[in-house]
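The values are calculated or read from the model by the stated rules, or taken from the named source; none is laboratory data. The structure displayed is predicted, hence computed values, not measured ones. Note: ideal-geometry Cβ built from the backbone for every residue, glycine included; neighbour counts use all protein chains shown.
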Ligand code: NAD
C-alpha cells in the first residue's frame, strides 16, 4: 500500500515512531483482496518497557497542566482529524475492509467528536466543598495515573479516541494496544495528537497479540485498564487487572434484542434492523441480532426486509457507491460461516444470503434467518457478522422475558408507536444502551456501555470522566484537635 496517511513504523512511543523488527511480524491484510498491504512487528519486552516507562514518566507533568491547556491540545487534534478525514477514512478502509461510504462519516469523525467533547470538558473537572460546621471537607478529582487501552478490530480509530480522549482530559497517560487485525489507525491518532502539541509519552501505541496485552495489564505501574473486546477476553483481562487492584472499563460483546411491535412503522423498523445487523458487515458490538417481530406483521416485515437487503451494494470498499463489504479477516469470515451452517442445521428458515460471495476477499452475503427459536445457537451466541435472527412473539410480557434471557446486556431497541409501551418495555430490559424507534446511534454526549456479561463502566459522555478519575477527600479542621 502506498497511501499518504500510512504510518511509518509499528509503534509510537514518547512522541515518535519506533521500530523493532525483532518482534513477531504481524501482516496487515486488506480484507477486500486478501493481499498483504503492510507489516507491523509485535512489541518485544523492550518496546513494552519503553512505552510503559514513557507513559509513567509523563503522567505527573501532564496532570499538573490546567484542564484548559490539556483540552486545547485535544481540540486541536480533533480539528486535524477532521481536516484529514478523507485520507484517514481511506486508511481505516484499508485497515478494516469497511466501505468508504461508512468510514467517511463514522470513524475519524467520531474520534474527532470525542476529542472535541472531552477537550471541552477538561477545564471543568472540579471537586466539591462539603461544609462540616466550622470545619469542611473538599474533594479533588484526580487522574488515576497510567492507563492501558486495548482495542477490538471493528473501529480502530474510534476506539483509540474514545479511550484516549477522556483518559487524557482527566490527566492520565495511556499505552494503547490496537487489535492485531487492524494495527494502523491508532498510530495515526498518536501522530496527530503529538502534532497538536501533546507532550511526549502521554499517548503511546504498541502492537501485539494477547500476550502483549497481558504484559501491559499485569504491569504494576499500570493503574487502569480499558478493554474493548469479546466477553471471554474481558473475563481474563478483568481477572488479571483485579489481581493488581486496578480500575477497569470493559466494553464487551452482546446479543442484543430489537423488538418490533405490530403497530410499528414497518419501514423504520426494517431500517433499524438493517442498521443494527449489517452496518460494518455486522461487526458492531451493540447490534440487535435477535429481532423479535410480533406475529401479526411477521411475513410483511420479512418480505420488506428481504427486498431492502437485496439492494445492498456489495463491492469495492473504496468505491463510495458500495454499501456492504467484507469481514475483517478470513478467520472471522470462517467463524461466521460456521454459525450460518449451525442456523441451517438447527432448522432456522433462510430468508436471504447464507453463503460466501463469489469474489476475492472475505465477503459474506448479508444473511437473514426467520423462525429462529430461543434455544438455537444463532440466537444465543454473539456471531459478530452479517447474520440476523428473526424470532416471533405474541405478547409484551413474553417478549421482555425472552429478550432478557441472555448472559449479555449491551443494547436493546423497541419499535412501536405506543410511547407508554416503549418506555415501559425499555424500563424492563436489561441493557445499558437502548433505543426507541431507532437503532445503534452512539453520540459522544450519551453514555455507552453494557450490563451483565457485556461489561463494566461507561464510555462517552460525562460518565466516562468518572471512570478515568478518582476522588481525593480532604478534611480541614479549623479548631484544636481533641484527643
Ligand atoms: P478479542 O476479545 O478477541 O480481542 C480484543 C483485544 O484484546 C485485542 O486487541 C486482543 O489482542 C486483546 N487480547 C486478547 N487476549 C488478551 C489477553 N489475555 N490480555 C490482554 N489483551 C488481550 O475481540 P475482537 O475479536 O478483536 O473484537 C470483537 C469483540 O469485541 C466482539 O465480542 C465485540 O462485541 C467486542 N466489541 C465491543 C465493543 C463495545 O464497546 N462494547 C465495541 C467493539 C467490539
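Restricting attention to the stretch 215-227, the residues that are in contact with a strand residue (DSSP E or B) (Cβ under 8 Å, 6 or more places away or on another chain) and assigned to a helix (DSSP H, G or I) add up to 2. Residues in the stretch 388-412 that are surrounded by 18 or more Cβ atoms within 10 Å (Cβ to Cβ) and in contact with a helix residue (DSSP H, G or I) (Cβ under 6 Å, 6 or more places away or on another chain): 388, 389, 393, 400, 408, 409, 410.
Kindly indicate which of 148, 217 is near the ligand (Cβ under 10 Å from one of its atoms), closer than 30 Å to residue 124 by Cβ and in contact with a helix residue (DSSP H, G or I) (Cβ under 8 Å, 6 or more places away or on another chain). Full working, then the answer.
Working: 217 fails: closer than 30 Å to residue 124 by Cβ.
One residue alone meets the criteria, 148.
Count of the stretch 244-276 residues, restricted to those that are buried (at least 23 other Cβ atoms within 10 Å of the Cβ) and touching a residue at least 40 places away in the same chain (Cβ under 8 Å), is 17.
For the stretch 245-290, give me the residue count where each residue is assigned to a helix (DSSP H, G or I) and more than 14 Å from the ligand (Cβ to nearest atom). First the steps, then the outcome.
Within the stretch 245-290, the first condition is being assigned to a helix (DSSP H, G or I), and the residues that meet it are 266-282.
Still in the running and more than 14 Å from the ligand (Cβ to nearest atom): 266-275, 278.
The number of residues fulfilling the criteria is 11.
Checking the structure you have, find out if any residue of the stretch 314-337 is assigned to a loop (DSSP other than H, G, I, E, B), modelled with pLDDT under 95 and out of contact with any strand residue (DSSP E or B) (no Cβ under 9 Å at 6 or more places or on another chain). The answer is yes; a qualifying residue exists. In the stretch 459-481, is there at least one residue being within 16 Å of the ligand (Cβ to nearest atom), within 15 Å of residue 285 (Cα to Cα) and not in a loop (DSSP other than H, G, I, E, B)? Within the stretch 459-481, one or more residues are within 16 Å of the ligand (Cβ to nearest atom), within 15 Å of residue 285 (Cα to Cα) and not in a loop (DSSP other than H, G, I, E, B). Being in a helix (DSSP H, G or I) and within 12 Å of residue 290 (Cβ to Cβ) is the filter here, so list the residues in the stretch 398-414 that pass it. Correct list: 399, 402, 403, 404. Inspect the stretch 363-382 for any residue being over 28 Å from the mean Cα position of the chain (by Cα) and under 22 Å from residue 32 (Cβ atoms) and give the result as yes or no. Within the stretch 363-382, not a single residue is over 28 Å from the mean Cα position of the chain (by Cα) and under 22 Å from residue 32 (Cβ atoms). Note on the stretch 191-211: residues that are surrounded by 24 or more Cβ atoms within 10 Å (Cβ to Cβ), within 16 Å of the ligand (Cβ to nearest atom) and not in a loop (DSSP other than H, G, I, E, B) amount to 2.
Has the stretch 228-242 got any residue that is more than 12 Å from the ligand (Cβ to nearest atom), part of a helix (DSSP H, G or I), surrounded by fewer than 24 Cβ atoms within 10 Å (Cβ to Cβ) and free of Cβ contacts under 8 Å to residues at least 12 places away in the same chain?
Let us first name the residues in the stretch 228-242 that are more than 12 Å from the ligand (Cβ to nearest atom), namely 242.
Of the ones still in play, those that are also part of a helix (DSSP H, G or I) are 242.
Subsequent filtering for residues that are surrounded by fewer than 24 Cβ atoms within 10 Å (Cβ to Cβ) retains 242.
Of the ones still in play, those that are also free of Cβ contacts under 8 Å to residues at least 12 places away in the same chain are 242.
There is at least one residue in the stretch 228-242 that is more than 12 Å from the ligand (Cβ to nearest atom), part of a helix (DSSP H, G or I), surrounded by fewer than 24 Cβ atoms within 10 Å (Cβ to Cβ) and free of Cβ contacts under 8 Å to residues at least 12 places away in the same chain.
For residue 382, work out the one condition from (1) surrounded by 15 or more Cβ atoms within 10 Å (Cβ to Cβ); (2) touching a helix residue (DSSP H, G or I) at 6+ places or on another chain (Cβ under 9 Å); (3) over 24 Å from residue 434 (Cα atoms) it doesn't fulfil. Answer for residue 382: the failing condition is (3).
Does residue 157 satisfy being within 15 Å of the ligand (Cβ to nearest atom), touching a helix residue (DSSP H, G or I) at 6+ places or on another chain (Cβ under 7 Å) and in a helix (DSSP H, G or I)? Write out each step before concluding.
Working: within 15 Å of the ligand (Cβ to nearest atom): yes; touching a helix residue (DSSP H, G or I) at 6+ places or on another chain (Cβ under 7 Å): yes; in a helix (DSSP H, G or I): yes.
Spelling it out, residue 157 is indeed within 15 Å of the ligand (Cβ to nearest atom), touching a helix residue (DSSP H, G or I) at 6+ places or on another chain (Cβ under 7 Å) and in a helix (DSSP H, G or I).
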